[in-house]
Amino acid sequence: METNERRRVDSGTKWEAMAGYCRAIRVGDRILVAGTTATDAQGNLVGSDDPGAQARFILDKIERAIVELGGSLADVVRTRVYVAEISHWERVARVHGERFKEIRPVNTLVQASLVGPEFLVEIEAEAVVTE
């Protein structure tokens with residue numbers, strides 16, 4: 001892939017087109033993944049009121065986007081995790097730890113007001129693909 005070439009992927013949620021963003025973009029060896037919630041392509045919430053289940057779905061969605069752009073979860077160097085309730089931090093952190101146990105990217109976890117009360121977790125990621 002040329003250094004200046006941009007490739008992007010969408011996950012199909014209505015918000016990407018409405019707000020003018022993509023799920024993930026690759027420029028050179030970098031893949032940047034937008035803040036991702038536990039919504040499927042039809043806009044349905046996945047994981048109900050379980051922050052761990054939402055985090056699992058989100059990380060699967062992030063992984064699919066990275067793979068589609070030629071990377072893997074092993075290429076992730078940074079994650080940012082936003083939780084609606086700080087009391088959920090440990091359940092979400094455990095899921096993050098399961099997925100990134102050996103990879104160990106840098107990480108930030110903060111409490112934030114998310115886009116709706118049903119959304120308990122939002123995660124974004126950055127990867128550097130070394131070929």
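No value in this document is a laboratory result; all are computed from the given coordinates. Given the structure is predicted, the values throughout are model-derived calculations rather than measurements. Quick reminder, even Gly has a Cβ in these numbers, built from the backbone with ideal geometry, and neighbours come from all protein chains shown.
Fully extending the segment from VAL110 to ALA74, taken as 0.36 nm per residue of separation minus the present Cα-Cα distance, adds 10.6 nm. Note on region 42-82: percent of Cα-Cα distances in each 5 Å bin, starting at 0 and stopping at the bin with the largest distance, equals 5, 20, 25, 23, 16, 9, 1. Using C-alpha pairs below 8 Å separated by at least 6 residues, the relative contact order for the chain is 31 percent.
Axis angle, to the nearest 10 degrees, between helix 89-100 and the longest C-alpha principal axis of the chain: 30 degrees. Just to verify a number: FRET efficiency for ARG30 and ILE86, C-beta to C-beta distance, R0 = 30 Å, to 0.05? Efficiency computed from Cβ-Cβ geometry: 0.50. Helix 51-68 and the longest principal axis of the Cα set of the chain meet at an angle near 10°.
Among ALA84, GLY43, GLY12, which residue has its Cα positioned farthest towards the positive end of the charge dipole of region 6-128, with +1 placed on the Cβ of Lys and Arg, -1 on the Cβ of Asp and Glu, and the dipole taken about the Cα centre? Of the listed residues, the answer is GLY12.
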